[in-house]
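A quick write-up on the structure given underneath.
What follows draws every value from the coordinates through simple rules; no lab data is involved. It should be emphasised that the depicted structure is a prediction, and the values quoted were computed from it without experimental measurement. Neighbour counts run over all protein chains shown; Cβ positions are idealised from the backbone, glycine included.
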Amino acid sequence: MKTELCLLIFIIGMFVWSCGPGERRGSEEKDEVEELKTEVIAIHDEVMPKMGQLRDYQKQLSAKAEELEAQAAESYLQAAIACEKAYEGMFEWMRQFDSTLEGMSEEEAMGYLEEQREKVVIVNEDIKEALKEAEVLLEEGDGVIK
């Protein structure tokens, strides 16, 4: 848990640092790149604070699945797996995202950011869906939602 927290703080720090002021772009196209970059990061920022909750739900679901008989446990196991995949999906996206756009032309940067927006929207939706499913199951099954 302590290692995960340290890793999370490190990644957030690196992300914030990498989003700092870089080369200033002068043209409208460059402003469009910055606007798209801001949008991509905002999609990420919407669900990043929920990563701890996601991990907590995954643990609660796994524990609940262990308590139940095989057939009843299946939905809890599937929800726990969804939480784990959503959690890992966020960090996978963050590891591959290059916010510097270094060495890219305006056209390449726009293409890259469009692709990243699609990826981070999926990550965002996966997290929200996993959290919703976990909350429903844990509330119905007298879980431990905190």
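Here are some notes:
- Pairs where the first residue, in the stretch 96-121, is within 14 Å of Glu32 (Cα to Cα) and the second is surrounded by fewer than 17 Cβ atoms within 10 Å (Cβ to Cβ) and among the polar types (S, T, N, Q), C-beta under 9 Å, 6+ apart: Glu106/Ser27
- Residues located in the stretch 43-80, provided they are free of Cβ contacts under 8 Å to residues at least 60 places away in the same chain and of a type in the set (D, E, K, R): Asp45, Arg55, Lys59, Glu66, Glu67, Glu69, Glu74
- In the stretch 41-64, the residues that are over 12 Å from the mean Cα position of the chain (by Cα) and surrounded by 19 or more Cβ atoms within 10 Å (Cβ to Cβ): Tyr57, Gln58, Gln60, Leu61, Lys64
- When Ser62, Ser75, Ser105 are checked against the criterion of being among the polar types (S, T, N, Q) and more than 20 Å from Lys128 (Cα to Cα), a single residue qualifies: Ser105.
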